[in-house]
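Everything on this sheet refers to the single structure shown next.
The values are calculated or read from the model by the stated rules, or taken from the named source; none is laboratory data. Only a predicted model underlies this, so the values are computations on that prediction, with no experimental measurement involved. FYI the Cβ positions are ideal-geometry reconstructions off the backbone, even for glycines, and counts take in every protein chain you see. Side chains are part of the model used for accessible areas, which takes the heavy atoms of the whole protein and leaves out ligands, DNA and RNA. Shrake-Rupley method; radii C 1.70, N 1.55, O 1.52, S 1.80 Å.
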Amino acid sequence: MDDYPITVLLVEDNLADVALLTELLQDADLEYWQITHAKRLSIALEYLQNTRFDVILLDLSLPDSQGLDTIVQVQSRVPHLPIIVLTGLQDKRIALQAVAQGAQDYLVKGEVSSELLLKTVGYARERIQILQRLQESEQRFRGIFNQTFQFMSLLSPDGVVLDINQALRDRMGFPDEVVLNHLIWEAPYWKFVEQSQSWLKMAILRASEGETLQAELQAYTSQETLQWLDFSIKPLKNGNNTITLLIAEGWNISTLKQAEAEIRQSLAKEQELNQMKNSFISMISHEFRTPLSSIILAVDLLENYNFAEDKKKKYYDQIRGSISRTLELFDEILLLGRTESGKVKAKYTSLDLTKFCSEIVETFQLTKGNSHQIIFSVTDASIVAKMDTCLLKHILENLLSNGIKYSPKGGIIRFSLSCSDHHAKFCIQDQGIGIPKLDQAKLFEPFHRAKNVGKIKGTGLGLAIVKRCVDLHLGNIQVDSKEGHGTTFTVILPRHIEEQERETINA
Ligand code: ATP
Ligand code: MG
């Protein structure tokens, strides 16, 4: 027991009860009770304002206050003062309600012994101290729980969300009612992310058996932005080693993830560039070496032997052919380099596409011999457009020459031209070896050649150039191909013709 007086505020309007209680207190073997009596609540509240009391004995039916409201008023004035309610026999129900409201205990008038009174006061004081410590500890916990940058939630062992911290609330932006008291995998964060949901179901099951689990999960905010979380679930045990709670924690690692993705992307790009460099070097050594060696060979022969004129001509033709192939290759590499570095700009001039395409087909048919037939079809006798003729020539010549080259058994190449008000569509279709599905995705990358080319020669630059030329025209290219059956390339380019010009042309 404390060795300073216990100060009691006795609030009771019945003087007989006051006398009895005072006597009981003084009888209770203690000389140091300091009792202050108040007949009315208003007087009691005044005392409470100026004096510190250890306990209040409070009658609930006073001349100026009745029932539970009396407690409310005292509590609002002195929140941590232990209240013991004094009640008559018939008012037990209200006494119980008073305890539920925050009174520490109650005493039934007429049934109080000095021993009981002593015990009740002692327990009431202890209980309020414990409650106060509990509140302080709760405040400390809340402070940490809510101030941390980490997302935290407390779950029951079967995964129901009991509490969430402020960081989680602020960042994810959902109202408490759609999260609290729901199973964690049903919370709206994971709504569209099935993978996160199934991980959570599994993790809760295992955490409730004592395991700690960690994973990187994707979650949605209320604004529907996707976040990456470094997420962990830990079990929390009580003194009996029983799991009473699960703690779920999450770090927002979206920025980290994005940086990681960027690094990975630039690594892939670098690898790709390296690979391109390697292909380029091996292509150069092969493609340039072959014609140059055959030139040297032909020159040697011409120098050392006295050939007849027709034989000499054959060697000269061979030299010329090798030189022009080497020059072509140079041109292709230079063009690709210039388009990649942004040095080439489309120079639009008016042209008649029908005429332009017919001429290309004619030249092709003449130079490529008659092992292949090119059938050109066009919807209009004249289709006017504004295009860069040089770029357009690269596009069509490359596609036509591929059509011929990759149809080793000969056959028909169909070339069709059509137009709408704003666009022109070029289709080049062959019945050749086709392109395997896996290669189709990389078709426009420089030096990429499909697996099925066999002995057909090529550098893998043609389509890369075609794609750059189509892009410079703000157009679009598509491929439809089936290995062993044939290939169709479709190029759509804007006509760059105003309505007025079209009308004049159509007139
Ligand atoms: P070049 O630079 O001499 O044109 P290439 O023909 O090999 O060489 P691209 O025109 O870029 O290079 O074509 C790339 C690859 O795409 C070819 O190697 C071939 O595998 C495939 N390809 C292109 N067109 C066709 C086609 N019409 N039919 C079948 N495969 C094709
Ligand atoms: Mg080609």
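Worth a mention:
- Beta carbons closer than 7 Å, at least 6 apart along the sequence or on distinct chains, pair a first residue in the stretch 334-350 that is of a type in the set (A, V, I, L, M, F, W, C) with a second that is assigned to a loop (DSSP other than H, G, I, E, B) and open to solvent by less than 70 Å² (accessible area, probe 1.4 Å) for L336/P446; L336/L461; A346/D388; A346/H473.
- Check on D439, within 16 Å of ligand 2 (Cβ to nearest atom) and assigned by TED's automatic domain parsing to the domain that holds V466: yes
- Any hit, the stretch 44-65, residues being in a helix (DSSP H, G or I) and farther than 24 Å from G102 by Cβ: no
- Scan of the stretch 134-157 for residues that are modelled with pLDDT under 95, more than 24 Å from the chain's Cα centre (by Cα) and not aliphatic (A, V, I, L, M), ordered by number: Q135, E136, S137, E138, Q139, R140, F141, R142, G143, F145, N146, Q147
- When each of F288, F330 is tested for being aromatic (F, W, Y), at negative phi and touching a helix residue (DSSP H, G or I) at 6+ places or on another chain (Cβ under 8 Å), the lone residue that passes is F288.
- Sole exception among (1) in a helix (DSSP H, G or I); (2) buried (at least 16 other Cβ atoms within 10 Å of the Cβ) for L9, by number: (1)
Yes/no per residue for (1) open to solvent by less than 90 Å² (accessible area, probe 1.4 Å); (2) not in a helix (DSSP H, G or I):
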site	(1), (2)
Q97	yes, no
E111	no, yes
V121	yes, no
L131	yes, no
Q135	yes, no
F141	yes, no
I144	no, no
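- Test: residue in the stretch 452-472 that is closer than 21 Å to T354 by Cβ, surrounded by 15 or more Cβ atoms within 10 Å (Cβ to Cβ) and more than 10 Å from ligand 1 (Cβ to nearest atom): yes
- The set of residues from the stretch 229-245 being within 16 Å of I204 (Cα to Cα) and either aliphatic (A, V, I, L, M) or not assigned by TED's automatic domain parsing to the domain that holds G159 (or both) comprises I233, L236, I243, L245.
- So L443, is it at pLDDT below 95 and either part of a loop (DSSP other than H, G, I, E, B) or closer than 23 Å to E287 by Cα (or both): yes
- Residue count for the stretch 390-412, restricted to those that are in contact with a Leu (Cβ under 9 Å, 6 or more places away or on another chain), open to solvent by less than 20 Å² (accessible area, probe 1.4 Å) and modelled with pLDDT of 95 or more: 3
- Residues located in the stretch 150-178, provided they are closer than 26 Å to Q223 by Cβ, touching a residue at least 24 places away in the same chain (Cβ under 8 Å) and in a loop (DSSP other than H, G, I, E, B): Q150, G159, G173, F174
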